[in-house]
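*Asks:* Can you read through this structure? Questions will come right after.
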Amino acid sequence: MTTELALTVDELLSTTRSVRKRLDLDRPVPRELLVECIQLAIQAPNSCNAQRTRFLIVQEPHIRARLAELYRRSYADYAKGDFRAGNLLTGDTAWDDAQQRIETSTDHLCENLHRVPVLVIPCQQVDPGDERSREAQAVLWGSAVPAAWSFCLAARSRGLGTTWTTLHLRHEKEAAAILNIPYDTVQQVALIPVAYTKGTDFKPAYRLPVEEIITFIADVEVP
Ligand SMILES: Cc1cc2nc3c(=O)[nH]c(=O)nc-3n(C[C@H](O)[C@H](O)[C@H](O)COP(=O)(O)O)c2cc1C
């Protein structure tokens with residue numbers, strides 16, 4: 001089943017973009033390819049090897065439509081808010097251009113989400129009250145996110161595009177009802193639209209200079 005692109009590991013890590021406008025909405029994604037990606041994804045680390053991450057795969061048009069409608073509702077609220085990508089401008093041209101591109105891209109995904117052939121929802125089984133401490137939070141997200149991101153990487157290496165999205169979680173309870181999963185004991189982590197990409201050439205994105213990101217403790221005064 002595997003149809004791997006010839007990407008080096010560094011290329012894979014630096015070019016797995018949020019793909020929205022270049023999703024091929026008309027090309028079906030074989031179920032086996034999704035299974036293959038998840039098979040790889042679950043090799044990611046997880047707390048105590050408890051293996052409480054699950055992947056829901058939605059291909060049914062009527063369920064996609066209902067989830068997309070929830071997403072659109074959240075997006076309408078998000079679009080009014082200060083944290084809309086196009087509002088996070090700094091005067092730095094590279095940064096501002098990237099933010100404006102994200103905004104037209106997110107608008108496009110919102111309008112077309114129901115047409116994306118696959119929606120993947122990684123979930124984490126939780127105990128009610130899990131969210132109480134920061135440690136519990138770290139365990140929850142730290143167990144689910146590595147696997148979900150590995151899924152995106154495996155997908156990219158097979159010619160599939162993904163976008164990590166969270167906006168539908170503003171209506172997570174309603175999404176749980178649509179998906180027929182419990183809300184109290186299953187935390188939805190993201191909603192990841194998946195489709196073949198139109199073309200496979202993606203580039204590294206604009207990011208802050210790495211020197212601004214790293215602190216070598218040896219170089220600063222620590223009391
Ligand atoms: C926690 C998180 C939540 C996100 N939520 C959304 C979302 O709801 N909708 C969307 O279109 N993109 C969403 N994104 C994608 C970001 O907009 C994207 O990662 C960012 O603009 C950088 O672009 P790149 O992934 O192509 O490098 C999210 C990303 C993360 C990590």
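*Asks:* In nm, to one decimal, how far is the modelled label at Thr90 from the one at Ala76, with both set 7 Å along Cα→Cβ?
*Replies:* Between Thr90 and Ala76, the simple spin-label model gives 3.4 nm.
*Asks:* Give a residue-ordered list of calculated ³J(HN,Hα) values for the stretch 37-48 (Karplus: 6.51 cos²θ - 1.76 cosθ + 1.60, θ = phi - 60°; whole Hz; x for Gly, Pro).
*Replies:* 5, 6, 4, 6, 4, 6, 7, 5, x, 7, 4, 6
*Asks:* So if each residue of separation counts as 0.36 nm, and I subtract the Cα-Cα distance between Glu69 and Arg132, what length gain in nm does that give?
*Replies:* Separation in residues times 0.36 nm, less the Cα-Cα distance, equals 19.6 nm.
*Asks:* If I model a spin label as a point 7 Å beyond the Cα along the Cα-Cβ vector, how far apart are those points for Arg170 and Val9 in nm?
*Replies:* Using points 7 Å along Cα→Cβ, the separation is 4.0 nm.
*Asks:* Between the stretch 6-32 and the stretch 168-200, what is the separation of their alpha carbon centroids in Å?
*Replies:* 19 Å
*Asks:* Extending each Cα 7 Å along its Cβ direction at Val210 and Arg115, get the distance between those two points in nm, one decimal.
*Replies:* Here the answer is 3.9 nm between the modelled labels.
*Asks:* Any idea of the accessible area per residue across the chain, 1.4 Å probe, to the nearest Å²? The partial results should precede the final answer.
*Replies:* Working: 12790 Å² over 223 residues.
Per residue, the chain has an accessible area of 57 Å².
*Asks:* What number, rounded to the nearest 500 deg cm²/dmol, is the helix-based mean residue ellipticity at 222 nm of the chain, given -39500 (n - 2.57) per DSSP H run of at least four residues and division by all its residues?
*Replies:* On the way: 6 runs with 90 residues, N = 223.
Computed mean residue ellipticity for the chain: -13000 deg cm²/dmol.
*Asks:* Let me ask another. For the stretch 32-128, rounded, prolate or oblate, judged on the Cα gyration tensor with a ≥ b ≥ c (square roots of eigenvalues), a/c < 1.5 rounded, else prolate if a/b > b/c?
*Replies:* prolate
*Asks:* Within the set of other residues whose C-beta is less than 13 Å from the C-beta of Pro30, count the net charge using Lys and Arg as +1 and Asp and Glu as -1.
*Replies:* Its environment carries a net charge of +1.
*Asks:* Find out how many positive minus negative residues lie around Asp219, taking Lys and Arg as positive, Asp and Glu as negative, among other residues whose Cβ is under 15 Å from that of Asp219.
*Replies:* Charge balance near Asp219 sits at -3.
*Asks:* I've got another one for you. Please report how many Lys pairs in the stretch 9-203 have alpha carbons closer than 29 angstrom, counting only residues at least 8 apart along the chain or sitting on separate chains.
*Replies:* Details: Lys21/Lys80; Lys21/Lys173; Lys21/Lys198; Lys21/Lys203; Lys80/Lys173.
Lysine pairs satisfying the spacing and distance rule in the stretch 9-203 number 5.
The values are calculated or read from the model by the stated rules, or taken from the named source; none is laboratory data. None of these values were measured; they are calculated from a predicted model. Every residue, glycine among them, receives a Cβ derived from its backbone with ideal geometry; neighbour counts consider all protein chains shown. With ligands, DNA and RNA removed, areas are computed over all heavy atoms of the protein, side chains included. Shrake-Rupley method; radii C 1.70, N 1.55, O 1.52, S 1.80 Å.
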